[in-house]
Structure formats: structure tokens, C-alpha cells
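Please read the structure below before turning to the comments.
The values are calculated or read from the model by the stated rules, or taken from the named source; none is laboratory data. In this text, all values refer to a predicted model and were calculated from it rather than measured experimentally. FYI the Cβ positions are ideal-geometry reconstructions off the backbone, even for glycines, and counts take in every protein chain you see. All accessible areas refer to the heavy atoms of the entire protein, side chains included, with ligands and DNA or RNA removed. Shrake-Rupley method; radii C 1.70, N 1.55, O 1.52, S 1.80 Å.
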Amino acid sequence: MFPSILPTYSRADVAFVRGEGPYIFAEDGRRYLDFGAGIAVNALGHAHPKLVQALTDQAGRLWHTSNLYRVPGQETLARRLVDATFADTVFFTNSGVEAIECAIKMARRYHYAKGEPGRFHIITFEGAFHGRTLAAIAAGGQAKYLEGFGPKVEGFDQVPFGDLKALEAAITPATAALLIEPIQGEGGLRPATREYLSALRRICDEQGLLLIFDEVQTGVGRTGKFFAHEWAGVTPDIMAIAKGIGGGFPMGACLATERAASGMTPGSHASTFGGNPLAMAVGSAVLDVVLASGFLERVQHIANYTRQQLAGLIAEHPSVFEEVRGEGLMLGLRMKISNTAFIDDLRGHGMLAVAAGDNVVRLLPPLIIGEEHVREAMTLLSAAAADFEATAKKAAVA
């Protein structure tokens, strides 16, 4: 019998029923230390009281009106995002890939409005992941996501990540924009250097291109800055965000400068649910926490502590772990054994992590963790590593 849920996921056989801070509890009552955070979504942990209160209060007043009318919560949250970033304007979505689609359309429309409709190609980077719509998988360019879905959507040209010469050679009169993740998440926790991002900004300025940052995973405090590009001192023209901005509630946004958004006129883009009152209430509550004095500095402190502890973990288990990657609390362990096998074993010890490309285990804990949670994580990671070392030792003896 075909399953009632479309079988597109390879799910672990565990179901969670409640969460509290950095912990999540399964149906059988077992507690897990959650260093996956719903793939960087639960930025403030589970059941954060401020978010619960904001959602509950709004749910008792109004859920949905549609974008046929003013939505005061959108006006408030958009102004806060504009005041805290490079942007002049915001379009609210329900997800990260919708924010990416808006960014792609905006870049194309910008050149169209300037009388250059043939300028619609966007250069992306090998190893990228921008979501699962037809345009997003074309932008990402990974064969495993493109297979079986017909011709690749036109207008995306890929170059090797970090290769400036290849990028410059790929630019043609049809190029409209560059689209890059400041740190590749699915691609294996690979950061773009500050120098590379600065070079991208320079090239865009010189050649009349728009620079688009995909900060769906890296944004809203994940790296210790509000957005990861701030570390490089480089600003984009357009930026897609999601995940952490909703703290677990589904929402995203496309942020842009006035110039980049100049082609987006009434009727050029829309969303039924994007920017609904529930999402706006939660998003504002997230900003109350993340933009509070000292919060991001604390994330930086705990991130540095985590990296130090991971260095010790690698030294203790050199046959299992190879290196630490990433920035802030978007960290990865490149493995010498199967990353998926390790994650399965780690879950057996009561800790959650997420797989990434290049045989990396992603560690994406809530931003509210303390040093005690980091130490607990190291104990569990070490226990899982010891399992593989013991297995290897037995195999060697046999």
C-alpha cells in the first residue's frame, strides 16, 4: 500500500512531541540535546517563552487578512529589518526558497525595467543549495536534485566556489546578478572568504550586476552577527532570509535596496500567506531577543568556546574527525567515517545533528545554549566516536 505521506524523506524512526530550550523530547519520553535545531530554524530553542507569548497573543486576535489590505505587523517588522540592515524594503514570504524566488525575479525585473530584458542570467557557485523549487534547484546546480525533473530552468551559470578567475570569465552581456551563500550549508560548511565577497561586490559595481546573498541559514545571529555578510563589511543588493527569523514559525523575507527593487511594481509579485499576522508577531519577538544588547556578543563567546572544545575533540579522536568548519554557531565536523552513520549513532546517545555535503556533520545549536550544553555535546560526540573506534579495533583484531 502506498504511504499516505508522500515518501520523499528518509526519516529516522523517532517522533518528537515537545521541546524546552536546547532539548527535545520523543514520544517515549527520552530527552535529546538538539544541535540540529530543525536545520538552523529553532534559533532561540524550543518553546521560548517570548515567542510562545507573541504567537498566543496574536492567535487570539487575528490570523489572516491577505495582502489585499495593510498588515500593521508587516509595517512594524519591515521597518525594524530596514533599520538594522542595508535594505530599504522587504517582501515577506513563507519560506527560504520563496525568498530566493523573489530575489531571482527581482534581479531579472531590475534589468527588464532598465530596457535590458535579455539580461536575466544569474551566476551561482558549485556546492550551493538554494532550495527545491524548479528555479532553485537550477540555481543550486546539483545533479541529485535536478535528476528527473525535465530540462533545467534556463538562466543559471555555475562556477567553482572561490574561483575568481572562473567567475570573471563566466560574466557575459546576459548576466544580471551573482547569487551566493556567505557560508555554504548543505555544501559542507564552506565559508566564502572576506576577500572573495569583497571582490564580488567590486565586480558587481564595475559591471552593473546585482549581488544577491542567500542568508537563509547564516542569518539572524547564526554566525554571531545579525547577518553573516557583516563580518566581511560587504553589503548585497538583495538578500534572502528565513529559518531563524521565525524561530520555528514558517516565514522568510527578501530584503533589497531601493535601486534593486525598482522594477517590482504592483502586480509583479505576490503571496497569499506571506507576511501573515501570526508570522509577523513571532518575527518581531525574535528580533526583540536577537537584537537585544549583548545577545550577539554572547553568541560570539559561546561560538568561540564551542570551536575550542571541538578542537580538543578532534585531538582526542583523530581517526573519526578530520577538521572543524564554519563560523559562529554554524559549525561542521568533517569526518573520516560516514557522516550519516555517525549521526545515527549520535542520536542513539541522545544528541541530534544534521548531515551536510563533503562528509560533514553539521552542528547548528540554538543560539541560547550555554557552556554547560557545549560540554554535554562534547561528551556525547566523544561517546559516539568511541563506538566507531571500538568497532575499528575489533575489525583490526579479527
Cα centroid separation, region 183-209 to region 21-91 (Å) = 29
Of the heavy-atom accessible surface of region 121-226 (probe 1.4 angstrom), what whole percent is carbon and sulfur?
-> 53
How much of the accessible area of region 274-339, in percent, comes from carbon and sulfur atoms when a 1.4 Å probe is used?
-> 48
For Val159, net neighbour charge (Lys/Arg +1, Asp/Glu -1) across residues whose Cβ lies under 10 Å away | -3
Report the dimensions of region 161-217 along its three principal axes from the alpha-carbon atoms, largest first, rounded to Å.
-> 31, 21, 17
Region 237-289: equivalent-ellipsoid semi-axes (sqrt of 5 x gyration tensor eigenvalues, Cα, Å) | 23, 14, 9
Ranked by GNM mean-square fluctuation in the chain (Cα springs under 10 Å), the top entry among Pro49, Pro318, Pro266 is Pro266
Can you give the net charge of the other residues whose Cβ lies under 15 Å from the Cβ of Thr223, counting K and R as +1 and D and E as -1?
-> +3
If eta is 1.002 mPa s and T is 20 °C, what Stokes-Einstein diffusion coefficient results for region 265-378, Kirkwood Rh from Cα pairs, in µm²/s?
-> 130
Considering only DSSP beta bridges whose two residues both sit in the chain, what percent are antiparallel, to the nearest 5?
-> 65
Give, as a single signed number, the net charge of other residues whose beta carbon lies under 15 Å from the beta carbon of Ile368, with Lys and Arg counted +1 and Asp and Glu -1.
-> -4
Scanning the chain, every Cys lacking a C-beta partner under 4.7 angstrom -> Cys204
Sticking with the crude label model, points 7 Å out along Cα→Cβ, report the distance from Thr391 to Thr172 in nm, one decimal please.
-> 4.8
Using alpha-carbon positions, the gyration tensor of region 244-323 gives root eigenvalues a ≥ b ≥ c; with a/c under 1.5 called rounded, otherwise prolate if a/b exceeds b/c, else oblate, the class is prolate
Under a straight-distance cross-link criterion of Cα-Cα below 18 Å, which lysines are reachable from Lys114, leaving out those fewer than 8 residues away in the same chain?
-> Lys105
P(r) weight above 40 Å for the chain, C-alpha pairs, percent | 16
Viscosity 1.002 mPa s, temperature 20 °C, Stokes-Einstein D of region 1-142 from Kirkwood C-alpha radius, µm²/s | 110
Round to the nearest 0.05 the FRET efficiency obtained for Asp205 and Asn67 when R0 = 45 Å and r is the Cβ-Cβ distance.
-> 0.85
Stokes-Einstein D for region 42-126 at 10 °C, 1.306 mPa s, Kirkwood Rh over Cα pairs, in µm²/s?
-> 98
So, relative contact order of the chain in percent, Cα under 8 Å, 6 or more apart, is 22
